[in-house]
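The block underneath contains the structure these notes are about, expressed in structure tokens.
The values are calculated or read from the model by the stated rules, or taken from the named source; none is laboratory data. Just so it is clear, the model here is predicted, and its values are computed rather than measured. Here the Cβ is made from the backbone with ideal geometry for all residues, glycine too, and neighbour counts use every protein chain on show.
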Amino acid sequence: MKELSLNILDIAQNSVKAKASCIEINLDETDSTLSISIKDDGCGMTSEQTANVTDPFFTTRTTRNVGLGVPLLKLAAEQTGGELNISSSVSPENHGTVIEAVFNKNHIDFTPLGDIVSTVTLLIQGAPDTEWKFTHRTGEGVVSLDTAELREVLGDVPLDSYEVVRWMEDYLREGYSDINYNLKQSE
């Protein structure tokens, strides 16, 4: 994929399909590294599924026999000297999955982050009943959005209404502007 935000989109959509009620997307960025963590409380994966999820010819989907999201994220991380870690549980009291990838930003093969604002707003718009927590920490500050907080303010107004989606997009872009984060550079 040409942008890491597309990998985030794909993996977070897997969390939605796993019937997660809460999905957390955390980006931690320094001058030299970018760490991406996607955590959900979905149905989780068995140890066999977790061991095989980085194989592009393994998928739990019945509509096709390949799954490229996680293998491509792993490849993108490893090409920069980084790594990918996956932990998952199907235990009834503690189920869900955490996918963490670390990238070395100074490596020639580092894939740019891309349009993370559009990715986050699209994810929320596509699964408005899911609780979303997005946080991007940089050396300059933090940009975050928590749909639980939005629901408190909005009441019955749906998160996928046009006005709310536009507001979320503007809110995130303004947050990046406030910390002087160049979104164009990451695209």
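Please count how many residues of region 75-109 are buried (at least 16 other Cβ atoms within 10 Å of the Cβ), in a loop (DSSP other than H, G, I, E, B) and either polar (S, T, N, Q) or free of Cβ contacts under 8 Å to residues at least 40 places away in the same chain (or both).
Final tally of qualifying residues: 1.
Take region 95-120 and flag every residue that is in contact with a Gly (Cβ under 8 Å, 6 or more places away or on another chain) and of a type outside the set (A, V, I, L, M).
Within region 95-120, His95, Gly96, Thr97, Phe103, Asn104, His107 qualify.
So if I check each of Val117, Val143, which one is buried (at least 17 other Cβ atoms within 10 Å of the Cβ) and in a strand (DSSP E or B)?
Just a single option satisfies the conditions, and that option is Val143.
Return only the number of the condition from (1) farther than 17 Å from Asp10 by Cα; (2) at pLDDT 95 or above that Ser89 does not satisfy.
(2)
Looking only at residues in region 146-170 that are free of Cβ contacts under 8 Å to residues at least 40 places away in the same chain, in a helix (DSSP H, G or I) and in contact with a strand residue (DSSP E or B) (Cβ under 7 Å, 6 or more places away or on another chain), which one is nearest to Thr111 (Cα to Cα)?
For region 146-170, the residue satisfying everything is Thr147.
Do you know which residues across region 1-25 are assigned to a loop (DSSP other than H, G, I, E, B) and either within 9 Å of the chain's Cα centre (by Cα) or surrounded by 16 or more Cβ atoms within 10 Å (Cβ to Cβ) (or both)?
Passing the criteria: Met1, Glu3, Ala18, Ala20.
Please enumerate the residues belonging to region 26-60 that are assigned to a strand (DSSP E or B) and touching a helix residue (DSSP H, G or I) at 6+ places or on another chain (Cβ under 6 Å).
Ile38, Asp40
Could you run through region 35-71 and say how many residues are surrounded by 18 or more Cβ atoms within 10 Å (Cβ to Cβ), at pLDDT below 90 and aliphatic (A, V, I, L, M)?
So the answer is 3.
Does Thr135 satisfy the condition of being polar (S, T, N, Q) and in contact with a helix residue (DSSP H, G or I) (Cβ under 9 Å, 6 or more places away or on another chain)?
Considered against the rule, which asks whether it is polar (S, T, N, Q) and in contact with a helix residue (DSSP H, G or I) (Cβ under 9 Å, 6 or more places away or on another chain), Thr135 comes out as no.
If Val143 satisfies every condition in (1) under 17 Å from the mean Cα position of the chain (by Cα); (2) within 29 Å of Gln49 (Cβ to Cβ); (3) not charged (D, E, K, R) but one, which is the exception?
(2) is the only condition that Val143 fails.
Yes or no: Val165 in contact with a Gly (Cβ under 7 Å, 6 or more places away or on another chain), crowded, with 16+ Cβ neighbours inside 10 Å and either under 21 Å from Thr30 (Cβ atoms) or at pLDDT 95 or above (or both)?
No.
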